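Report on one structure; see the data block that follows.
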Amino acid sequence: MADRAIFQDFVVARSDRLLRTAYLLTRDWGVAEDLLQESLAKAWFAWPGIDEPEAYVRKVLVTTYTSWWRRRWRRELPSADLPDAPSYDPAGPREELWKAVGRLPARQRAVIVLRFYEDLPVAEVAELLGCQEGTVKSQTAKALAKLRVDESIVKELHR
């Protein structure tokens with residue numbers, strides 16, 4: 001019962017931040033809620049052996065998101081009908097920035113979210129994503145270059 005209470009306290013205390021991280025990865029609040037729910041369920045089963053719960057759940061978030069993305073990519077089918085535009089929850093003056101981040105490829109978006117939103121060091125991002133530190137650095141550089149180009153395009157459109 002003590003584990004259950006500790007887990008519940010963790011969920012109450014950290015869910016908002018973890019949900020925002022999931023949203024920044026998925027760019028869809030509904031999918032982000034599902035992602036967080038599944039990640040927390042996975043964490044519950046491993047709870048007694050977890051030393052750093054937030055880092056563990058964050059890693060589960062990223063790996064689950066990656067597996068969802070890979071699975072969805074393989075099953076994508078062309079359609080004559082365009083899907084509805086995704087809903088977007090404006091985040092104040094940074095709205096254009098997060099829209100631009102949302103246009104990045106999934107891996108680059110994950111690197112940007114983990115490095116700059118979660119403020120994780122390169123080594124920890126590499127561990128979470130299961131890649132080398134050099135890959136994190138190169139993906140960060142590529143993503144930032146795309147964001148710079150995107151920013152200049154956005155500025156041109158607003159003139």
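Below, the figures for the structure above:
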{"quantity": "Enumeration of residues in segment 3-62 that are closer than 22 Å to Val111 by Cβ and hydroxyl-bearing (Ser, Thr, Tyr)", "calculated": "Thr21, Tyr23, Thr26, Ser39, Tyr56"}
{"quantity": "Of residues in segment 15-37 being free of Cβ contacts under 8 Å to residues at least 60 places away in the same chain and either in contact with a Ser or Thr (Cβ under 6 Å, 6 or more places away or on another chain) or among the aliphatic types (A, V, I, L, M) (or both), the one farthest from Arg4 (Cα to Cα)", "calculated": "Val31"}
{"quantity": "Whichever residue in segment 45-62 is of a type in the set (A, V, I, L, M, F, W, C) and under 24 Å from Ala126 (Cα atoms) and, among such residues, is surrounded by the fewest Cβ atoms within 10 Å (Cβ to Cβ)", "calculated": "Ala46"}
{"quantity": "Neighbours by Cβ (under 7 Å, 6+ apart or cross-chain): first from segment 41-58, aromatic (Phe, Trp, Tyr); second part of a helix (DSSP H, G or I)", "calculated": "Trp44/Phe7; Trp47/Asp3; Trp47/Phe7; Tyr56/Ala43"}
{"quantity": "Whichever residue in segment 122-146 is under 20 Å from Tyr65 (Cβ atoms) and among the charged types (D, E, K, R) and, among such residues, is modelled with the lowest pLDDT", "calculated": "Lys146"}
{"quantity": "Members of segment 68-82 that are among the basic types (Lys, Arg) and either within 18 Å of Leu104 (Cα to Cα) or modelled with pLDDT of 90 or more (or both)", "calculated": "Arg70, Arg72"}
{"quantity": "Matching residues in segment 25-43 - criterion: being closer than 26 Å to Ala123 by Cα, in a helix (DSSP H, G or I) and of a type outside the set (Gly, Ala, Ser)", "calculated": "Leu25, Thr26, Leu35, Leu36, Glu38, Leu40, Lys42"}
{"quantity": "Search result, residues across segment 121-144 that are touching a residue at least 12 places away in the same chain (Cβ under 8 Å) and buried (at least 19 other Cβ atoms within 10 Å of the Cβ)", "calculated": "Val125, Leu128, Leu129, Val136, Gln139, Ala143"}
{"quantity": "Residue match in segment 60-67 (condition: touching a Phe, Trp or Tyr at 6+ places or on another chain (Cβ under 7 Å), modelled with pLDDT of 85 or more and either part of a helix (DSSP H, G or I) or over 21 Å from Val31 (Cα atoms) (or both))", "calculated": "no"}
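The values are calculated or read from the model by the stated rules, or taken from the named source; none is laboratory data. A quick note: this is a predicted structure, and the numbers were derived from the prediction, not measured. Methodologically, a virtual Cβ is constructed for each residue, glycine included, from the backbone with ideal geometry; neighbour enumeration extends over all protein chains shown.
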